[in-house]
Number of protein chains: 4
Amino acid sequence: MKSIPFKGIIAYPITPFDNQEKVDIPLFKKQVDRLLVSGAHGIAPLGSTGVLPYLTDEEKEAVTEATMQQVANRVPTLVGVSNLTTDKTIYHARFAEKAGATAVMIIPMSYWKLTDDEIVQHYDAVASKLSIPIMVYNNPATSGVDMSPALLKRLLEIPNVTMIKESTGDVQRMHYLRKELGEDVAFYNGSNPLALAAFAAGANGWCTAVPNLIPELTMQLYNAIQNNDLTEAQRVFYRQLDLLKFIVAKGLPRAIQAGLHILGDDGGQLRSPLKPLTDNESAELKTILSQINK
Amino acid sequence: MKSIPFKGIIAYPITPFDNQEKVDIPLFKKQVDRLLVSGAHGIAPLGSTGVLPYLTDEEKEAVTEATMQQVANRVPTLVGVSNLTTDKTIYHARFAEKAGATAVMIIPMSYWKLTDDEIVQHYDAVASKLSIPIMVYNNPATSGVDMSPALLKRLLEIPNVTMIKESTGDVQRMHYLRKELGEDVAFYNGSNPLALAAFAAGANGWCTAVPNLIPELTMQLYNAIQNNDLTEAQRVFYRQLDLLKFIVAKGLPRAIQAGLHILGDDGGQLRSPLKPLTDNESAELKTILSQINK
Amino acid sequence: MKSIPFKGIIAYPITPFDNQEKVDIPLFKKQVDRLLVSGAHGIAPLGSTGVLPYLTDEEKEAVTEATMQQVANRVPTLVGVSNLTTDKTIYHARFAEKAGATAVMIIPMSYWKLTDDEIVQHYDAVASKLSIPIMVYNNPATSGVDMSPALLKRLLEIPNVTMIKESTGDVQRMHYLRKELGEDVAFYNGSNPLALAAFAAGANGWCTAVPNLIPELTMQLYNAIQNNDLTEAQRVFYRQLDLLKFIVAKGLPRAIQAGLHILGDDGGQLRSPLKPLTDNESAELKTILSQINK
Amino acid sequence: MKSIPFKGIIAYPITPFDNQEKVDIPLFKKQVDRLLVSGAHGIAPLGSTGVLPYLTDEEKEAVTEATMQQVANRVPTLVGVSNLTTDKTIYHARFAEKAGATAVMIIPMSYWKLTDDEIVQHYDAVASKLSIPIMVYNNPATSGVDMSPALLKRLLEIPNVTMIKESTGDVQRMHYLRKELGEDVAFYNGSNPLALAAFAAGANGWCTAVPNLIPELTMQLYNAIQNNDLTEAQRVFYRQLDLLKFIVAKGLPRAIQAGLHILGDDGGQLRSPLKPLTDNESAELKTILSQINK
């Protein structure tokens, strides 16, 4: 029986920086705590929102350890450990396991487009060194590789590869995954504006940074789905859609950082070359948030 | 108050041909009747399924008249009248109105990509000569023009333009339509594999040729949505998804014609250059249909 | 030995309309004559520039006959006879042959995307009824079908299919055509901004509407290539590039009609839904033309 | 006056690994020497071919120093120093300058799609810490960002940004660059199958890994262009086109490594997840090489 430790809302914290663009671990812990208090069903540090690829090895380790300390097993944790080389991916995956992560998330990063066989060997090499489950992440926009349902099927044959996060932004992929991989496949939506369509398609959960800004609405959407109440799900979804579109269009780290500041919280700084939203963009975000919260 | 005469399942009959590749009007009427008997909420002749662009003016008129005779006001009718030139579009739209059509469907066909202003003037010129409502059809794959939500908003300001059929295959378009155009916008799904996601997004109806082959399942999906029963809708949708994908992949006229033959009915012939499915494709379709019906 | 009657600059006249949007045959003849006088090596009526798909059968016939009268065998003629149905394509191809056309050009128009086999059967059916050569036209943007080099190879096995017009806008296609089909393949460039790259790749000719506006530069480019003078070809090409980009961006019939008026000639009217360039666009075209001609 | 130190064939060495997947510096030096001996006009270590993003900081430094030692100022050197963060890019650029590099090449790597302003600030921050020239590299397929001609124009206003490498694979970009940026813009082709078209468009040079396998043909193409002999350039280009297509399709590091082994030279190993060509692919490459060399 495959281990599938996630369901519902899997929340992605940002990795905040201080004025010297160093990772601000105390602020990171505070942000993780906000997500936990607001009801997230899982915490996923070092994702795209957490600017994983912009961090040094030491920073990744510090963020991983800080997450474990702050979550303290209240909910399951999903740690991003993707790296261009197989060796480094193994290194970070083992570090996460030892630190206490529930599972790791791996996208096949690829400067050079990988073949299907290379991708299988990559996951296989990492999986063989781990005992915790792996979530495979498909997001061609950032990885440069679009994994077909057939390839995902091969990956799911590796014993501890048990979950798929799908972020192409095309709901038909989820339909095909479920038809191709069977009703029991555990797939998660990683495309915010697809939240409603993905749950309608049977997604197990939603991997999202939006609980940093509107945790109640995020939970309400999931609850409506759990209650088989499509009318309510639709109502709740359309209330938050403008925000979902905005954070994707502007880039999650920039948009969440700005949103935290607008809400009176502390989102810290970004690391260059990433820069804060412009004043016009911030004003637009402020309007969207105030219309949701009125 | 805008007139919105359609809701639910709007069924598209094929235009069958005889052995000399002439339109077979008696067989067409029989196919329309099958759709009515099986519960379709509307009948839409001369759509893509009905190979509108492959017909002569006289054939289009004969099909329009045959539809009116056979439907006899039992359900509303939606007649395709699109043409490359504005003059011909007006001609066929007026013919449809005089023959008794409830509404007409118009896609901005464009060998030369039309500007937004040209598209507005085209619809405006046609609308000014008609009293019945117009459904605007967005399908960049066949028209070569992708109408933005902003353009669709302009078109909806024309008094008798009251409905939108959206066939890009991207459910996010429907979300944006509803956000941009308001909760009361009447939009219809024209992409078969998006049926579930579109209803979840709030579509008023589904424009589809699939009731030619599996009318019960089509109606069941719509009924589940009406009953706010997402679990049932999901179950019914996944039962028919392979067929929805197949008919889109192979081309609706080819696939529906072959399916009718497999079901023991008469789908007539196709007009060249369109040719019947290959033997392998027919065998695949037979398998899909028998798995649905077992 | 295959008949390949074209080489060099194959000029495309517009089909001008009068104030009632009727085809203006006397003006058409005048435009054909301008092209001949300015040195075109071939005349191609009823192309995209000539808005073939917007014309009735009778209008196509009248334009074909007017071309033959005006050209009077001074240069070879290439008549567009494409149609969605095989029957109509045969009809117009035979008409062109009887009227005296040197060759016909056929693009596989397809509302429903055709399979490779359907395309081969379509060309085969037409070719079997003709004695003059056929130029196959690949332009996925307007036909909806992108013919692979492998498919083009199959078509060239039909005896009187002897030439290929390639308009994808990707010069690598021409390289692959020549590698795949052999050094003797006769291919023609149909993408104006690729004129230099296509000749560098070995194209036999350039199918273009631009001689309507700048015949001297067009001929100079071809002559430089004939003289193996790349430096001169480059210089002449860059002088006209802004115009080549403009006429493609705005649509050939609109841009050529406006350009003729700017040059003090008569381009007639367009047929709706096509509308003239806006004032701003015309001003931009005027600037481009005056910079070329200064 | 802007410093533009490159012209002609800029050759990209691979970064070879040993059996433990460690960088093999002695073998790297040997490969650099082969390129020099065969006539390359410049040497560019740590490019895509040199798997820059798969190396640690220490490895990048070792490769940079080995290049300087081996080249010993015989030709100019162009060192890849791109990194996701601005700080790291500055670090490696300064290292290269101190080591003696003639210029550095920088692509705006972006996990999160950068805005135009972020890209300008990124280059500006790096340029302000350097005295040697920078070549800006546009390759949306690997960087995830497609820099418009307008943005490139802004970058060229930074004093030591003096050169552009264009790798979209679309020759029209080069035409637009030259029209937009003026005749004096120094642009280089980075798309191997576009070599002929790019030189015809006026490219200053060709950034390529293919001299590792067929140095004579690469030089002959450049010489033909220098001699204004398009006919010869065409002949030489078509002789090597199959190889150019192959190395791009299979990925440069894999294809060059395999090709070196086929030629009896030592290409070392690859670093996982990159794997050697399959046996079938190697056989295909062997055939291509033997047809070129016969």
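So, of the residues in region D:83-107 that are of a type in the set (A, V, I, L, M, F, W, C) and under 17 Å from the mean Cα position of the chain (by Cα), which turns out to be nearest to residue D:139 (Cα to Cα)? Per the stated criteria, the residue is D:107. For region A:97-108, the tally of residues that are surrounded by fewer than 23 Cβ atoms within 10 Å (Cβ to Cβ) and within 15 Å of residue A:154 (Cα to Cα) stands at 0.
Scanning region A:50-66 for residues that are among the polar types (S, T, N, Q) and more than 10 Å from chain D (Cβ to nearest Cβ) returns a single hit, A:64.
Within region C:76-93, the set of residues being more than 12 Å from chain B (Cβ to nearest Cβ) and surrounded by 23 or more Cβ atoms within 10 Å (Cβ to Cβ) comprises C:77, C:78, C:79, C:81, C:92, C:93.
Of the residues making up region D:1-27, those that are aromatic (Phe, Trp, Tyr) and within 30 Å of residue D:162 (Cβ to Cβ) are D:6, D:12. Just so you know, in region B:109-144 the residues that are in contact with a helix residue (DSSP H, G or I) (Cβ under 7 Å, 6 or more places away or on another chain) and among the β-branched types (Val, Ile, Thr) include one that is surrounded by the most Cβ atoms within 10 Å (Cβ to Cβ), and it is B:126.
When each of B:204, B:228, B:192, B:212 is tested for being closer than 21 Å to residue A:194 by Cα and buried (at least 21 other Cβ atoms within 10 Å of the Cβ), the lone residue that passes is B:192.
Look at region D:72-100: where a residue is more than 20 Å from residue D:3 (Cα to Cα) and a partner is at pLDDT below 95, sitting 6+ places away or on another chain with Cβ atoms under 7 Å, you get D:82/D:109; D:83/D:109; D:84/D:109; D:84/D:111. For region C:143-209, the helices (runs of 4 or more DSSP H) that sit wholly inside it and include 3 or more residues that are within 14 Å of another protein chain (Cβ to nearest Cβ) and small (Gly, Ala, Ser) are C:195-201. Counting only residues that are crowded, with 23+ Cβ neighbours inside 10 Å and either over 25 Å from residue B:108 (Cβ atoms) or of a type in the set (Asp, Glu) (or both), how many does region B:33-69 have? Total satisfying the criteria: 2. All conditions but one from (1) among the aliphatic types (A, V, I, L, M); (2) farther than 23 Å from residue B:56 by Cβ; (3) in a helix (DSSP H, G or I) apply to residue C:136; the one that does not is (3). Residues in region A:101-133 that are touching a Leu at 6+ places or on another chain (Cβ under 9 Å), of a type in the set (Val, Ile, Thr) and free of Cβ contacts under 8 Å to residues at least 40 places away in the same chain: A:104, A:119, A:120. Scanning region A:1-14 for residues that are in a loop (DSSP other than H, G, I, E, B) and either touching a residue at least 60 places away in the same chain (Cβ under 8 Å) or open to solvent by less than 10 Å² (accessible area, probe 1.4 Å) (or both) yields A:2, A:3, A:4, A:5, A:6, A:7, A:12, A:13, A:14.
The values are calculated or read from the model by the stated rules, or taken from the named source; none is laboratory data. Please read all numbers here as calculations on a predicted model, not as lab measurements. A quick note on method: Cβ atoms are made from the backbone with ideal geometry, for glycine too, and the neighbour counts reach across all protein chains shown. Keep in mind that these areas ignore ligands, DNA and RNA; they rest on the heavy atoms of the full protein, side chains included. Shrake-Rupley method; radii C 1.70, N 1.55, O 1.52, S 1.80 Å.
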